[in-house]
Structures are given as C-alpha cells and as structure tokens.
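Enquirer: Right, I'll just put the structure down here and ask away after.
Nothing in this text is a laboratory measurement; each read-out follows from the coordinates by a stated rule. Since we're looking at a predicted model, the values are computed, not measured. Methodologically, a virtual Cβ is constructed for each residue, glycine included, from the backbone with ideal geometry; neighbour enumeration extends over all protein chains shown.
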Amino acid sequence: MQSRIDMESTCEHEDGSPCHCSAERLLRLSGVIESSYLFAKHSEVEIHHEGDVYRLRVTRNGKLILNK
Ligand SMILES: [Zn+2]
C-alpha cells in the first residue's frame, strides 16, 4: 500500500483559498491530523459531534485538552 504522502505539495484553488489538500488526504488515508493544521490560526478549535460541541485547545504547557 502506498502510504507516503507529500505534505509539501500544493495546488491552485479556484476560489484562492489556502491549500489544505495534503492535510486532508493524510487524515483520510491514515487517520492522522497534524495539530499545526488544526491550530494554524487559533489555539482552540470546536468539534461538533452528534449535536454536541467539544473544544480542543492547546494549554500553556503545549498539551491538548478536550472539553465538552
Ligand atoms: Zn489544494
């Protein structure tokens, strides 16, 4: 199985949005997501799961905490 993923590759998007295709491909193929992708702009992200909102955030110590 080919599992090597080129994280450096980018592509042109018609709407000019930043390219996250490689990160999304990695998640789909491997179930892996880089935290730098989640926390590129914010130190906290919302995860919507079965009608509930969870918050995944980076602590001052650089660890991750998931709160409901
Ligand atoms: Zn792209």
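Enquirer: By the scheme Lys and Arg +1, Asp and Glu -1, what is the net charge of all other residues having a beta-carbon under 12 Å from that of His42? Spell out each step's value before the answer.
Expert: Values: positive: Lys41, Arg55, Arg57; negative: Glu44, Glu46.
Net local charge, His42 excluded: +1.
Enquirer: List the GluC sites (Glu not before Pro) in the stretch 34-68 that DSSP assigns to loop (not H, G, I, E or B) and whose Cβ has at most 13 other Cβ atoms within 10 Å. Which are they?
Expert: Details: sites: Glu34, Glu44, Glu46, Glu50; in loops: Glu34, Glu50.
In loop regions of the stretch 34-68 (DSSP not H, G, I, E or B), the sparsely surrounded GluC sites (Glu not before Pro) are Glu34, Glu50.
Enquirer: Given only helices, namely DSSP H runs of n ≥ 4 each adding -39500 (n - 2.57), what is the per-residue ellipticity at 222 nm of the chain, to the nearest 500 deg cm²/dmol? Show your work: numbers first, answer last.
Expert: On the way: 2 runs with 14 residues, N = 68.
Per the formula, -5000 deg cm²/dmol.
Enquirer: Mean separation of Cα pairs under 8 Å and 6+ residues apart, divided by the residue count of the chain: what relative contact order is that in percent? Intermediate values should be presented prior to the final figure.
Expert: Working: 63 pairs, mean separation 11.0, N = 68.
Averaging sequence separation for qualifying contacts and normalising by length gives 16 percent for the chain.
Enquirer: By how many nm would the segment from Thr59 to Arg25 lengthen if fully extended, with 0.36 nm per residue of separation less the alpha-carbon distance?
Expert: Working it through step by step, the gained length comes to 9.5 nm.
Enquirer: Please give the FRET efficiency for Asp15 paired with Phe39, using the beta carbon to beta carbon distance and R0 = 25 Å, rounded to the nearest 0.05. Please report the intermediate quantities before stating the final value.
Expert: Details: r = 23 Å, r/R0 = 0.93.
According to the calculation, E is roughly 0.60.
Enquirer: Still on this structure, please answer the following. Compute log10 of I(q)/I(0) for the chain with the Debye formula, placing one identical point scatterer on every Cα and leaving out solvent, at q = 0.12, 0.19, 0.22, 0.26 Å⁻¹, to two decimals.
Expert: So the normalised log intensities work out to -0.43, -0.93, -1.06, -1.16.
Enquirer: Right, something else. Roughly what angle does helix 21-30 make with the longest principal axis of the chain, taking Cα atoms, 0 to 90 degrees, to the nearest 10?
Expert: 70 degrees
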